[in-house]
Every structure is written in structure tokens, then in C-alpha cells.
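The values are calculated or read from the model by the stated rules, or taken from the named source; none is laboratory data. All values reported here derive from a predicted model rather than from experimental measurement. Every residue, glycine as well, gets a Cβ built from its backbone with ideal geometry; the counts of neighbours run over all protein chains shown.
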Amino acid sequence: MKNRSRIALLIVALFMLCAVSITAYQSMSKIITLVDDGKVTQYETDASSVKELLTQLKVTLGDKDTVQPALETEIEDNMKITIERWKPTVSYTENGETVEFKTGLSVVGDIIDAKGLTNAEGLAVEPSLETKVTDGMKITVKTKKVETVNETRQIGFETKVVETADLAFGETKVKQEGKNGLKEVSLERTYFGGEVVDEKVLNVNVTQEPTEEIVLKGVQNSIKDSFTGKSYAYTKVYEMEATAYTNGNDGWGNRTASGMTTFVGMVAVDPKVIPLGTKIYVEGYGIAIAGDTGGAIKGNIVDLFFNSNKECFQFGRQYGLNVYILKDQDVDVKAERKSY
């Protein structure tokens, strides 16, 4: 009977001891949240400090890793502990665009894979894919891209300078404002490393023609055509006697000394004064070409061609007419006289 009582008392004592121990442990343990390089885990611990906790969890730190709060900090219930793992910082340039970031990847090729560029067209990488990633490393990536673009472009207007006797020498005046035209251009553009390396024009559609700018310019030594109002620059002027002639019945017909046929605008000259082929302007007659000679045409005399004897008689013989040697010897006399 006594033995049974002793056993019962022992059991009760043991039970109470366990209960006290459990309560004591529960009062000592704390819940903490550990964030290790972004990975979040919750633990229940009786560690007294952050350092002791990390030792219990067998968490090792690198030389450049940081912990918040500090290792010596006392553990508190519901504490959050954050470990920032050190990673090298790289400068990454892709097709001309540069960014900096930290990475835990080992070699350059891993970064290229992470960027999804392993199979990119025309891929070029510096340094090589096998190069180990280091802090401060500069990585340059270039790829090829071909795209079709449509652009609206201007068509520059041209400027035409018209010489005139109506303005002072050297003075200019815009007679007609120039205006750029427009065109739609379809292009195939090839980029490498973000820079254009080739461009092909696929199609051009002019949507608005440019308007020519016309600028009047006052010229020295110019004569205004009394028939058309057009001005001609000249290099020399003669005061001459003028007579008139037409095609005769002398066997020559409309042949001339220059080989050209006669027309109104053809004049006979003394080639020692005005060489054959010279473009001239005769006061009261208009623009002409020195294309013929005559036995009586000596010195400062010009013989002007007319279509009929009547016109020749009407003109008669005139003295003191100005004959101008034109600056532009490429002018088309027949074309100019169509405006008469």
C-alpha cells in the first residue's frame, strides 16, 4: 500500500515538472521572420541574439553580406531579420541603351540567357559568353534588327534667279515664294547595335510638288526688250547704222554666209566688228543673231532681215541705233522671238 502511494506521488511530481518546463520554454521561445536574399521564412526560436539565431539555422554570411538588425541585436517576438546578399554590379549596354544592375549569375552567358537573347539575330557580345561576372564589369550586346518604316519627307524647292533691269545693280526681290513639297517614303532600315547600318528605299510617293522660288536680281548693263518686257544682260554696246534686207532674186535665196537660212532675227554684220554667230539685241528690232554678211556692210553697220520689201521700206535706214552684245550667248533667238 505504501509503495503504491509513493509511485503515485512520483508520477504526479514528474507531470508537474514537465508542465513547468513546457511553460518555461514557451515563455522563452519567440516567432521571427527571416528574409534571406528575398526568400521569406518564419521560425520559432529560443535564441537570444540574431547571431545565435543564424548559428542555430546554420546560415552563413559572406564578407560583403549585410544583416539588419545587427548580429548583436537581442531577439524579440515577431522580429523581422533581413539578409542582403552581396552581388556584383554590372553595366549592361544593349543596342546603345545602358542600365546598371546587381546579379548573382556566374558568367556573361547566363545574363544573355536571362535576357532572352541567346538566339538573337547577329548577336555580338563583349566580353565573351564564358567570361566570369565581376563587380564593375561592362557588358556590351549588339543585335541586328530589320524594320520597314514610312516617313514623310520634304522635297526642297529650287530657286531660279532672273536678271532684270528694273532693279538696281545687286538688288534682289522675291517674285514668287518657294515652297517645299512633300513625299511619303517607304524604307527598309537595318540596325546593328541600335545604329542604322543600311537603308533601302522601297517606294516613294510624291504627295505635294514643290513650288519654285523666283528671285529677281538687278544686273549691270542690261537691256529691257521693248516687245516682251524681258531683260537681257549685255557685255558691250555699239552705236550703229542700220539698214534692212529681205530674200532677193540674186541666186542666193535664203542662204547666208553662216550657212543658216534667213529668218526675222537674222542680221548681217561686219564680222571684224561682230563675229558671226554672236547673239545680239538691236534697238527697235529685238533679239537677233549675227548670221550673214554683205559687200556693203563695213564697220558699224547692221543689215536687218525682214520678210518683205514693204517692211524693209518701212524701216528704211536708221542711224544711232544701239546694238548690244548679249552676255548669254546660249540664248535661243528663234525661241525668244516666238513671244514677239
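Please go through the range 148-169 and pick out each residue that is at pLDDT 95 or above, in contact with a strand residue (DSSP E or B) (Cβ under 6 Å, 6 or more places away or on another chain) and not β-branched (Val, Ile, Thr).
Listed by number, the residues that qualify are Asn150, Glu151, Arg153, Phe157, Lys160.
Anything in the range 35-60 that is of a type outside the set (S, T, N, Q), surrounded by 12 or more Cβ atoms within 10 Å (Cβ to Cβ) and out of contact with any helix residue (DSSP H, G or I) (no Cβ under 7 Å at 6 or more places or on another chain)? List them, or say none.
Passing the criteria: Val35, Asp36, Asp37, Tyr43, Val50, Lys51, Glu52, Leu53, Leu54, Leu57, Val59.
Taking the range 91-122, which residues are assigned to a strand (DSSP E or B) and either in contact with a Phe, Trp or Tyr (Cβ under 8 Å, 6 or more places away or on another chain) or under 22 Å from Asp65 (Cβ atoms) (or both)?
Correct list: Tyr92, Thr98, Val99, Glu100, Phe101, Lys102, Val107.
Results for (1) in contact (Cβ under 8 Å) with a residue 12 or more places away in the chain; (2) surrounded by 15 or more Cβ atoms within 10 Å (Cβ to Cβ); (3) farther than 30 Å from Tyr319 by Cα, shown as yes or no for each residue.
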| site | (1), (2), (3) |
| --- | --- |
| Lys183 | yes, yes, yes |
| Val201 | yes, no, yes |
| Val204 | yes, no, yes |
| Lys224 | yes, no, no |
| Thr235 | yes, no, no |
| Asp270 | yes, yes, no |
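Which condition number in (1) under 17 Å from Lys173 (Cβ atoms); (2) assigned to a loop (DSSP other than H, G, I, E, B); (3) in contact (Cβ under 8 Å) with a residue 24 or more places away in the chain; (4) not charged (D, E, K, R) is the one that Leu216 fails?
Checking Leu216 against (1) under 17 Å from Lys173 (Cβ atoms); (2) assigned to a loop (DSSP other than H, G, I, E, B); (3) in contact (Cβ under 8 Å) with a residue 24 or more places away in the chain; (4) not charged (D, E, K, R), the one that fails is (2).
Any residue that is basic (Lys, Arg), within 20 Å of Val323 (Cα to Cα) and out of contact with any Lys or Arg (no Cβ under 6 Å at 6 or more places or on another chain) - is there at least one of those in the range 253-261?
No.
If you check Ala114, Ala168, which single one turns out to be more than 30 Å from Lys327 (Cβ to Cβ), over 32 Å from the mean Cα position of the chain (by Cα) and loosely packed, with under 13 Cβ neighbours inside 10 Å?
Of the residues listed, the single one that is more than 30 Å from Lys327 (Cβ to Cβ), over 32 Å from the mean Cα position of the chain (by Cα) and loosely packed, with under 13 Cβ neighbours inside 10 Å is Ala114.
Collect the residues in the range 317-340 that are assigned to a loop (DSSP other than H, G, I, E, B), modelled with pLDDT of 95 or more and farther than 16 Å from Ile223 by Cα, keeping them in residue-number order.
Result: Arg317, Asp330, Asp332.
Of the residues that sit in the range 237-259 and are at pLDDT 90 or above and among the aliphatic types (A, V, I, L, M), which one is surrounded by the fewest Cβ atoms within 10 Å (Cβ to Cβ)?
Val237
Just one of Val237, Val196, Val204 is assigned to a strand (DSSP E or B), more than 30 Å from Glu94 (Cβ to Cβ) and assigned by TED's automatic domain parsing to the domain that holds Lys179; which is it?
Going through Val237, Val196, Val204 in turn, the sole match is Val204.
Would you mind telling me which numbered condition in (1) touching an Asp or Glu at 6+ places or on another chain (Cβ under 6 Å); (2) at pLDDT below 95; (3) among the small types (Gly, Ala, Ser) Gly178 fails?
(2)
Residue-wise test of (1) assigned to a strand (DSSP E or B); (2) over 30 Å from Lys64 (Cα atoms); (3) touching a His at 6+ places or on another chain (Cβ under 7 Å).
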residue	(1), (2), (3)
Gly136	no, no, no
Val141	yes, no, no
Thr148	yes, yes, no
Arg153	yes, yes, no
Val162	yes, yes, no
Leu182	yes, yes, no
Glu188	yes, yes, no
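Using the structure shown, decide if Thr172 is closer than 30 Å to Ile214 by Cα and modelled with pLDDT under 95.
So Thr172 fits the description; yes.
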